[in-house]
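To start, the structure under review is shown below, and the notes come after it.
Every number here is computed from the coordinates shown, using simple stated rules; none is lab data. Nothing here was measured: the structure is a model prediction, and the numbers come from that model. Positions of Cβ are generated from backbone atoms using ideal geometry, with glycine treated the same way; all protein chains shown enter the neighbour counts.
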Amino acid sequence: MNNALNLNSYYGFIAVLVASILWGTTGTAASYAPNLSPLAIGAIAMGGGGLLQALLAHKTILNHLPQIRSYYPLLLIGMISVAIYPLAFYTSMRMAGITIGTVVSIGSAPLFTALLEKIFDKKALSGKWFISFVFGVAGVLLLSLGESHSHGTTQTIAADQKTLGIILGLIAALTYSLYSWAAKKMIDRGVDSRASMGLIFGFGALILLPTLFFTGSNLFDEPVNLYVVGYMMLIPMFLGYLLFGYALKTISASTATTLTLFEPLVAALFAVLLVGEQLAAIGWAGMALIFVCLAVLSKADKPK
């Protein structure tokens, strides 16, 4: 029995890493549509992917609807968080800069998730998780600085704009943590993982997609825009979150969100290999720390 649980945990571990690889391609994909607003890309990719998840799981969702009252608060938290997350994340990077926006949004999400589990689920945080978190956040910080230095960034961002960007980054991290935690709670209460993710992302999409009226006015100007958002909707957001939902059946939400610190590493590698960007030595050191984070974390979530 324990061997089966351990094996399932490793499958969940691998599923999140594969999802992170898919999510890590979004920056490179978006670079092929430079004239399209990042807000529009986020809205249609996550919103369209959410609708696809709901359609895929519609039969399972219908089976769970009679019990919706028992998990309605979690569904409400999840769907609102899904709608807020991409708007806050992309605006944070625009206002505070890519480096700060990335570190705040992605780096603080595991901490928020761990706090949610500790406060609401009374779950103790292991020493190994804390060590992996420190290595991971330090790695993301160094990686982001390495990218920033290689780009030769000289843009000065006003203090009040940067502060607002940091606040939005924290909101992005919190909402990412909230919908991950809500999905995990629904799964733990007996809701099928596909139905859980389909409900949360499907309803979230109904809030998110209307924002395209304000951000996607030039969506149809060039064919490449459609190729980019089509890819991001089908692969990173649809397939990636299917894998993430599967993983939440076998590993904790705090472990899953910490594993997604792998995403910036993948994004940087794709940027170097495919887009031709350069990475300073400090960035490669950050990559090494992220690998240490993953090595420690792989030992931290084994079922007892």
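In terms of Cα atoms, the Rg and Dmax of segment 55-131 work out to 16.8, 45 Å. In this simple spin-label model, placing a label point 7 Å from the Cα along the Cα-to-Cβ direction at both K128 and K162 gives a separation of 3.9 nm. Shown for the chain is the translational diffusion coefficient from the Stokes-Einstein equation, using the Kirkwood radius over Cα pairs, a temperature of 10 °C and a viscosity of 1.306 mPa s: 82 µm²/s. Cα-Cα over 24 Å: which of K122/K299; K123/K162; K162/K185; K118/K185? Where the Cα-Cα span goes over 24 Å, the pairs concerned are K123/K162; K162/K185. Note on segment 59-97 and segment 228-303: Cα centroid distance 21 Å, given to the nearest whole angstrom.
Between S217 and F120, the modelled labels are 3.8 nm apart [label points 7 Å from Cα along Cα→Cβ]. Measuring spread by the Cα atoms of segment 98-241 yields a radius of gyration and Dmax of 18.3, 52 Å.
With viscosity set to 0.890 mPa s and temperature to 25 °C, compute the Stokes-Einstein D of segment 1-65, Rh being the Kirkwood radius across alpha carbon pairs; µm²/s, no decimals.
166
For segment 1-64, the list of chymotrypsin sites (Phe, Trp or Tyr not before Pro) that fall in a loop by DSSP and count at most 15 other C-beta atoms within 10 angstrom reads Y32. About the centre of its Cα atoms, segment 2-297 shows a dipole size close to 900 debye [charges on the beta carbon of Lys, Arg (+1) and Asp, Glu (-1) only; nearest 20 debye].
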